[in-house]
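All remarks here apply to the structure that follows.
The values are calculated or read from the model by the stated rules, or taken from the named source; none is laboratory data. Remember, predicted model here, so these are calculated numbers, not experimental data. Here the Cβ is made from the backbone with ideal geometry for all residues, glycine too, and neighbour counts use every protein chain on show. Quick note on the areas: whole protein, heavy atoms, side chains included, nothing else; ligands and nucleic acids left out. Shrake-Rupley method; radii C 1.70, N 1.55, O 1.52, S 1.80 Å.
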Amino acid sequence: MNILLIGSGGREHALAWAIANSPLTDTLYAAPGNAGIAAEATCVALDTSDSSAVITFCRDHDIGLVVVGPEGPLVAGLVDDLAGAGIKAFGPKKAAAALEGSKGFTKDLCARAGIPTAGYGRFTDAETARAYVREQGAPIVVKADGLAAGKGVVVAMTEDDALAAIDACFDGEFGAAGAEVVVEEFLEGEEASLFVLSDGRNALMLATAQDHKRVGEGDTGPNTGGMGAYSPAPVMTEEMTARAMREIVEPTVARLAAEGTPFAGVLYAGLMITDKGPQLIEYNARFGDPECQVMMMRLKDDIVTLMLACVDGTLDRVGARWRDEVALTVVLAAKGYPGIYEKGSEICGLAELGGDPALKVFHAGTRAEDGAVLANGGRVLNVTALGATVAEARARAYAAIERIDWPEGFCRRDIGWRAVAREETRG
Ligand code: AMP
Ligand code: GLY
């Protein structure tokens, strides 16, 4: 079948690579894609916020499946519009994508279903939110309710920081996303991500991963979209994963189905592993970026078969097998990211890195011009490697980075530090 992939990040390059390798794929299109995706797919300029333009494209190109990478179009209801036009699309409809689109929605759902998560309050005015913070004390966490590109969360160590965060939200720092604020209890523990497919009824565990959200080594500096990741996450033992499925994911899927808004797509649970067990920090309604890149390196089964099973409600008839190896990815970003950075510098040395099946460079913000690859965004490349251990995958990824000639870029030098430290103490 012909497939249309929506998105332009490293996540979508990894998905394009996996989809292009599927025996079910005839022609793969990507909108808008990037310089790396162009090697796997025909890139097309399509306004993906215009559902009728996407529907027309699908009809003209006999598209059998649309794969929606990022959260924006999911929360805006693109999958609803495609389904209404009789076009299969992988990803949740708007009502279920609210798991990512509204933090308050998710907190209330957790409360109704008895899912372990931080205690919270929802507020639409600053005064009541401020009073709640004064009553609860610090540390405390302040979140803009809506989509804020990962920037809407302040983990406040003092009451003053929390009050300032509340004011910033209601003063419009995040636009409409900050018109409502969730204030929640500070959770202590180690973070991990759990990725699960659902067809609305069944939940199929995919894999675990850990991200590195801060820009600086030792997890310091401002938050980013993610500077590197590995899979699996050592903290997610078989027992911890089983608990998270039983106590968090399965009740979520069941509750949404019972309420008439079933979730079909990939459910990304951000967890805090506390001394009481797993607690939900947040849900996303899509694959993680860069977590998807490490997952696609490890997936042995056909991604298109799995996605179709989600759309068709037949997830109980398929399974997902994974390589035993660890995969690790290091993000190369433009100097200045996550603040102001320049676009347009040339990246050399990528062609020489081909040929090693344990290494793959996924493109994020890149574009091709006259045969050259140019930086075109904040996060630009994801250098991704397999290894028997995290240390081995990491050594392979950093060795490849040494061979990439891009003076305008930078990366964190310590991706995987937590897992490598665990490997070292285990001996
Ligand atoms: P979120 O966008 O909700 O995942 O929040 C971004 C980051 O803020 C998370 O990855 C955590 O590191 C941190 N965070 C969010 N909620 C909490 C919480 N309740 N307790 C401690 N840290 C949190
Ligand atoms: N890497 C974090 C995210 O995709 O939200």
Could you name every one of the helices (runs of 4 or more DSSP H) located completely within the stretch 67-174 that has at least 2 residues being surrounded by fewer than 17 Cβ atoms within 10 Å (Cβ to Cβ) and modelled with pLDDT under 95? 126-136, 159-170
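Within the stretch 177-196, is there a residue that is away from ligand 1 (no atom under 15 Å from the Cβ), outside any loop (DSSP other than H, G, I, E, B) and modelled with pLDDT of 95 or more?
Going residue by residue through the stretch 177-196, those that are away from ligand 1 (no atom under 15 Å from the Cβ) are 179, 196.
Within this subset, residues satisfying the condition of being outside any loop (DSSP other than H, G, I, E, B) are 196.
Among the residues that remain, those that are also modelled with pLDDT of 95 or more are: 196.
Scanning the stretch 177-196, I find at least one residue that is away from ligand 1 (no atom under 15 Å from the Cβ), outside any loop (DSSP other than H, G, I, E, B) and modelled with pLDDT of 95 or more, so the answer is yes.
Quick one: would you say D47 is free of Cβ contacts under 8 Å to residues at least 12 places away in the same chain and open to solvent by 10 Å² or more (accessible area, probe 1.4 Å)? Step through it out loud before you land on a result.
Details: free of Cβ contacts under 8 Å to residues at least 12 places away in the same chain: yes; open to solvent by 10 Å² or more (accessible area, probe 1.4 Å): yes.
Against the criterion (free of Cβ contacts under 8 Å to residues at least 12 places away in the same chain and open to solvent by 10 Å² or more (accessible area, probe 1.4 Å)), D47 qualifies.
Provide a single number: the residues in the stretch 276-306 that are among the charged types (D, E, K, R) and away from ligand 1 (no atom under 14 Å from the Cβ). Steps first, please.
Initial filter on the stretch 276-306 (among the charged types (D, E, K, R)): 276, 282, 286, 289, 291, 298, 300-302.
Next, from what is left, pick out any that are away from ligand 1 (no atom under 14 Å from the Cβ): 298, 300-302.
Here the count works out to 4.
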Looking only at the stretch 274-305, filter to residues that are open to solvent by less than 30 Å² (accessible area, probe 1.4 Å) and over 18 Å from the mean Cα position of the chain (by Cα); which one of those is farthest from A242 (Cα to Cα)? V304
What number goes with the only condition from (1) outside any helix (DSSP H, G or I); (2) farther than 15 Å from D211 by Cα; (3) not aliphatic (A, V, I, L, M) that C310 does not pass? (1)
Could you list, in sequence order, the residues of the stretch 155-176 that are within 15 Å of ligand 1 (Cβ to nearest atom), among the small types (G, A, S) and more than 14 Å from F123 (Cα to Cα)? A156
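Among the listed residues P23, P70, which satisfies the condition of being closer than 26 Å to V380 by Cβ and not β-branched (V, I, T)? It would help to see each step written out before you state the result.
Details: P23 fails: closer than 26 Å to V380 by Cβ.
Checking each option against the conditions leaves just P70.
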If you go through A53, A31, the only one that is more than 16 Å from ligand 1 (Cβ to nearest atom), modelled with pLDDT of 95 or more and in contact with a strand residue (DSSP E or B) (Cβ under 8 Å, 6 or more places away or on another chain) is A31
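Whether any residue in the stretch 26-37 is open to solvent by 30 Å² or more (accessible area, probe 1.4 Å) and without any contact (Cβ under 8 Å) to a residue 12 or more places away in the chain is what I want to check.
No, there is no match, as no residue in the stretch 26-37 is open to solvent by 30 Å² or more (accessible area, probe 1.4 Å) and without any contact (Cβ under 8 Å) to a residue 12 or more places away in the chain.
Rundown of residues vs (1) more than 13 Å from A229 (Cβ to Cβ); (2) of a type in the set (F, W, Y), yes/no style:
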residue	(1), (2)
G371	yes, no
A375	yes, no
R379	no, no
G387	yes, no
V390	no, no
R396	yes, no
W417	no, yes
The stretch 240-274, residues that are of a type in the set (D, E, K, R) and either at pLDDT below 95 or closer than 15 Å to K93 by Cα (or both): E259
Filtered residues of the stretch 217-251 (kept if in contact with a helix residue (DSSP H, G or I) (Cβ under 7 Å, 6 or more places away or on another chain) and either charged (D, E, K, R) or in a helix (DSSP H, G or I) (or both)): P251
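For every residue, the table says whether it meets (1) among the aromatic types (F, W, Y); (2) part of a loop (DSSP other than H, G, I, E, B).
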position: A320; (1), (2): no, yes
position: D324; (1), (2): no, yes
position: A327; (1), (2): no, no
position: V330; (1), (2): no, no
position: Y337; (1), (2): yes, yes
position: E342; (1), (2): no, yes
position: E352; (1), (2): no, no
position: P357; (1), (2): no, yes
position: K360; (1), (2): no, no
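Quick check on my filter: what residues within the stretch 181-203 are hydrophobic (A, V, I, L, M, F, W, C), open to solvent by 30 Å² or more (accessible area, probe 1.4 Å) and within 29 Å of F90 (Cα to Cα)?
Residues of the stretch 181-203 hydrophobic (A, V, I, L, M, F, W, C): 181-183, 186-187, 192, 194-197, 203.
Filter again for open to solvent by 30 Å² or more (accessible area, probe 1.4 Å), leaving 186, 203.
Result: A203, single match.
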With criteria (1) over 30 Å from E127 (Cα atoms); (2) buried (at least 24 other Cβ atoms within 10 Å of the Cβ); (3) within 14 Å of ligand 1 (Cβ to nearest atom); (4) not small (G, A, S), T220 comes up short on (2)
Qualifying positions in the stretch 197-216 - away from ligand 1 (no atom under 13 Å from the Cβ) and either within 20 Å of V153 (Cα to Cα) or modelled with pLDDT under 95 (or both): V215, G216
